[in-house]
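The values are calculated or read from the model by the stated rules, or taken from the named source; none is laboratory data. Since this is a predicted model, take the numbers as computed values, not measurements. Using ideal geometry, Cβ is built from the backbone for each residue, glycine included, and neighbour counts are taken over all protein chains shown. Just so you know, the surface numbers come from the protein's heavy atoms only, side chains and all, with ligands and any DNA or RNA stripped out. Shrake-Rupley method; radii C 1.70, N 1.55, O 1.52, S 1.80 Å.
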Amino acid sequence: MFTSPSTADPALLRQAFSGFPCGVAALSAVVDDEPTVLVASSFTVGVSQVPPLVMFAVQHTSTTWPKLADAPSIGVSILGERHESVTRQLASRDKSVRFIGVDTMVSDSGSVFLEGAPIWLDCSVEHTYPAGDHDIVVLRVNGLLSDFTHSPLVWHRSSFAKLSA
């Protein structure tokens, strides 16, 4: 029958959660004159259209989110297939290597966007809610740009996958 998530092996729970494919987003801004990025596979669009809201979950142990959380504007780049090779680099624990060789665009508000991303969302923090060992962060979309000639990057079963027609 069912296994209780509270008593299940954490690896089993993680494996079950990985069976749900999701997009990958890079949330980035200039903080203290340095580009700062957090990669999220928990990013969700369509939370609300009026007002336009999106959300993601971030672990309490993140050392990047506390820096980004206070940025007046955060760039969300929905990553495309061409970003597969740099996504792990962007998520590296070594923050000094995250942007090496990565083409970006910085807006006047300090949002950082990855070149070639199918969707750019210029956002600000609307709400933060505690949720177990994570926080759920709701972002207000203040601007957007879409390029539907690029396919999104998908995270499934703990690896990157591509959509097919």
> Quick one: Karplus J couplings for the range 69-81, per residue in order, coefficients 6.51, -1.76, 1.60, θ = phi - 60°, nearest Hz, x for Gly and Pro?
Replying inline: 4, 8, 5, x, 8, 10, x, 10, 10, 6, 6, x, 3
> How high is the relative contact order of the range 72-124, in percent, with contacts defined as C-alpha pairs under 8 Å that are six or more residues apart?
Replying inline: 57 percent
>> For a Förster distance of 41 Å, can you work out the FRET efficiency between the beta-carbons of Lys67 and Asp9, rounded to the nearest 0.05?
In response: 0.80
>> Rounded, prolate or oblate, given the Cα gyration tensor of the range 9-72, with a/c below 1.5 counting as rounded?
In response: oblate
> When the dipole is taken about the Cα centre of the range 1-106, and only Lys, Arg (+1) and Asp, Glu (-1) are charged at their Cβ, what size is it in debye, to the nearest 20?
Replying inline: 220 debye
> With the Cα gyration tensor of the range 6-161 giving a ≥ b ≥ c as the square roots of its eigenvalues, does the rule (a/c under 1.5 for rounded; else a/b larger than b/c for prolate; else oblate) give rounded, prolate or oblate?
Replying inline: rounded
> Under a 1.4 Å probe, what is the accessible area of the range 60-133 per residue, stated in Å²?
Replying inline: 52 Å²
> Please state the relative contact order of the chain as a whole percent: Cα pairs under 8 Å, 6+ residues apart?
Replying inline: 27 percent
>> Probe radius 1.4 Å, ligands and nucleic acids ignored: give me the carbon and sulfur share of the accessible area of the chain as a rounded percent.
In response: 56 percent
>> If you average the alpha carbon positions of the range 36-95 and of the range 110-126, how far apart do those two centres end up, in angstrom?
In response: 9 Å
>> Quick one: 3J(HN,Hα) in Hz for the range 29-44, Karplus 6.51/-1.76/1.60 with θ = phi - 60°, rounded, Gly and Pro as x.
In response: 7, 7, 10, 6, 6, 10, x, 10, 9, 10, 9, 10, 9, 9, 6, 10
> From the phi of every residue in the range 139-147, what ³J(HN,Hα) in whole Hz does the Karplus formula 6.51 cos²θ - 1.76 cosθ + 1.60 yield, where θ is phi - 60° and glycine or proline is x?
Replying inline: 10, 8, 7, 9, x, 8, 8, 10, 9
